[in-house]
Amino acid sequence: MSTVEAKYVWKIYDEDVIAVKDASFRCENEEFVAVLGPSGCGKSSILRMIAGLEDITKGEMFFDGKVVNNLSPRDRNVALAFESYALYPPLSVYENIAFPLHARGLDKNEIRSKVQDIVDALELSDVLKRKPSKLSGGQQQRVSLARALVRDPSVLLLDEPLSHMDQRVRAVIRARIRRIHDELSTTTIYVTHDQEEAVALADKIIVMNLGVIQQIGTADDLFNYPSTQFVAGFIGEPSMNFLGGRVESQNRLAVRNGDKSVSWAIAEDIPSSHINTGVVVGIRPDKLEASKTSTSSGIRAKVDVVEFLGDYRILTLSLGEKVIKTIVPTDFSVSIDDTLWLTGLPEAIHVFEEKSGEALIKAKK
Ligand code: ADP
Ligand code: MG
C-alpha cells in the first residue's frame, strides 16, 4: 500500500524549460488517479519524478509520508509502463512479462500462473512465444503493460499506455486496466491527454496546462464545477461553447450577439465587484435552447453543419467568426443555412473572468 504526495514540486530542465510549476497533489492508497492535459503540459515529467527517473528540481515527493526525492527507482516499488515499450528484444513475450518475477525469485509455477492471468486479461495468450519485433505497436504496448501489472507493485505508473492500440482494443484494455487495479489494491497514476479515458477510469483527475495544475477533482466536479475556462473547455464532448460578454448585474449577463448583445439571466449571483467587467460566458451544447423564431434573449446564429447521432443531432453554427455547437432532438427539423436563436439555460451558465479565466460562479448542472 502507498499514498503518493507531491508538495510544491517543480521540474526545470536545462535552458529554462519549466515543465512543472509548483505542483501539489495527493493520491490516496488504492486510488486511481489520472493526470490529464494537452501534449507538452508536463504530465510525463510528473510521472517520471514519481518514478525516480527524473530529479525533482524543487519541492518534495512523499510515499507513505516519507520523502523519496533521493531514493532510486528500484527502492520505490513502482512499476511503470510508458508509451514507448522498452521491451527486451531477444526475449519472447512470455519471458518479457515474467522477467520482473524471476528477478524477485518467485518459483516457476507461481510465475506461470501470474503471467497466465495477466496475458488472458490483456489478450496476449496467442503471442506468448513471439519476439517483440514480430508484434504490432499495440501488442508491444500491451506486453509492456502486462509486465508492469504482473509485478503487483504498490504504485503503478502508466504513461499513455493505450496510445498505440486501435479503437476497439483500447476500449477493452481500458476496462481491464481498471479491473486489474481494483484486484491488485495498488495506487495507480495514469497519464493521458484523452479526457474520455480519464473520465472513464479515474477516481480523481488532476488537470494540467502549461506546467500548472488547473484543478483536481472527480470527473463530476470537473464537468459541473470547472474552476477555470481551460478545464471547462477540456472536459466534455462536444466541448463547452464560449461567448463574449459583460456582467450587467449580479444575475444578468449581456452576451455579445454580432454588433449588439442580448441579456441572459443566470441562476447564481456573480460578486458585485464584477459588474460591468468583461467576462467569458460558457455554456455546454446541450444547455442551449434553440428556437427557429426570433427571441429577445436569443443569440442569432446560422447552421453550418448538421450531424445525426442516433437520438439527437449536433448542430454547428456560426455567429460571426465564432463557432457554436448545440444539441437538438431528432424531431427538431433543421437544414444547413437556417437561422436559429439560442439561449443558455440560466442554471447551466458558467462565467469566467476575461483576463485570468477563473470561474466567477459555480454553475450547477
Ligand atoms: P507531456 O507528457 O504532458 O506531453 P512532458 O512532461 O513530456 O509533457 O514535457 C513538458 C515540457 O518539458 C515540454 O515543453 C517538453 O518539451 C519539456 N521536456 C520534457 N523532457 C525534457 C528534457 N529531458 N529536456 C528538456 N526539456 C524537456
Ligand atoms: Mg508525455
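Across segment 53-88, what is the total count of residues that are in contact with a Phe, Trp or Tyr (Cβ under 9 Å, 6 or more places away or on another chain), of a type in the set (A, V, I, L, M) and within 15 Å of ligand 1 (Cβ to nearest atom)?
1
Since Pro132 meets every condition but one in (1) touching a residue at least 24 places away in the same chain (Cβ under 8 Å); (2) out of contact with any Pro (no Cβ under 7 Å at 6 or more places or on another chain), which condition does it not meet?
(2)
Under 8 Å between Cβ atoms, which residue pairs at least 6 apart in sequence (or on different chains) link something in segment 79-90 that is among the charged types (D, E, K, R) with a partner that is crowded, with 20+ Cβ neighbours inside 10 Å?
That search, which allows pairs on different chains as well, returns Glu83/Gln141; Glu83/Asp159; Glu83/Glu160; Glu83/Pro161.
So that you can scan it fast, the table gives a plain yes or no per residue for (1) within 16 Å of ligand 2 (Cβ to nearest atom); (2) surrounded by 14 or more Cβ atoms within 10 Å (Cβ to Cβ); (3) outside the structural domain of Ala148 (by TED's automatic domain parsing); (4) not in a helix (DSSP H, G or I):
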site	(1), (2), (3), (4)
Asp55	no, no, no, yes
Leu71	no, yes, no, yes
Ala86	yes, no, no, yes
Ile97	no, yes, no, no
Ile111	no, yes, no, no
Asp126	no, no, no, no
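Of all residues in segment 8-17, how many are more than 16 Å from ligand 2 (Cβ to nearest atom) and either hydrophobic (A, V, I, L, M, F, W, C) or touching a His at 6+ places or on another chain (Cβ under 7 Å) (or both)?
The total comes to 3.
Tell me whether segment 37-52 contains one or more residues that are within 15 Å of ligand 1 (Cβ to nearest atom) and in a strand (DSSP E or B).
Among the residues of segment 37-52, not one is within 15 Å of ligand 1 (Cβ to nearest atom) and in a strand (DSSP E or B), which makes the answer no.
Among the residues that make up segment 28-38, is at least one of them among the small types (Gly, Ala, Ser), within 16 Å of ligand 2 (Cβ to nearest atom) and under 23 Å from Gln214 (Cα atoms)?
Within segment 28-38, one or more residues are among the small types (Gly, Ala, Ser), within 16 Å of ligand 2 (Cβ to nearest atom) and under 23 Å from Gln214 (Cα atoms).
Can you find, within segment 1-36, the residue that is nearest to Thr188 (Cα to Cα) among those that are part of a strand (DSSP E or B) and small (Gly, Ala, Ser)?
Residue satisfying both the conditions and the ranking: Ala34.
So the check is Cβ under 9 Å with 6+ separation or different chains; which pairs have a first residue in segment 151-169 that's surrounded by fewer than 19 Cβ atoms within 10 Å (Cβ to Cβ) and a second one that's β-branched (Val, Ile, Thr)?
Cβ pairs passing all conditions: Asp152/Thr186; Ser163/Thr192.
Only strands (runs of 3 or more DSSP E) wholly contained in segment 240-283 count here; list those with 2 or more residues that are touching a Phe, Trp or Tyr at 6+ places or on another chain (Cβ under 7 Å) and within 18 Å of Leu345 (Cβ to Cβ).
Ranges flagged: 252-257, 278-283.
Confirm whether Ile327 is in contact with a helix residue (DSSP H, G or I) (Cβ under 6 Å, 6 or more places away or on another chain), of a type in the set (A, V, I, L, M) and crowded, with 16+ Cβ neighbours inside 10 Å.
The answer is yes for Ile327.
Which of the numbered conditions does Arg26 fail, given that it passes all the others? Conditions: (1) on the phi > 0 side of the Ramachandran plot; (2) surrounded by 14 or more Cβ atoms within 10 Å (Cβ to Cβ).
Every condition holds for Arg26 apart from (1).
Considering only segment 99-109, state which residues are over 31 Å from the mean Cα position of the chain (by Cα) and either surrounded by 12 or more Cβ atoms within 10 Å (Cβ to Cβ) or not charged (D, E, K, R) (or both).
Passing the criteria: Phe99, Leu101, His102, Ala103, Gly105, Leu106, Asn109.
The values are calculated or read from the model by the stated rules, or taken from the named source; none is laboratory data. Predicted model, so just to flag it, every value in this text is computed and none were measured. Backbone-built Cβ (ideal geometry, glycine too); neighbour counts: all protein chains shown.
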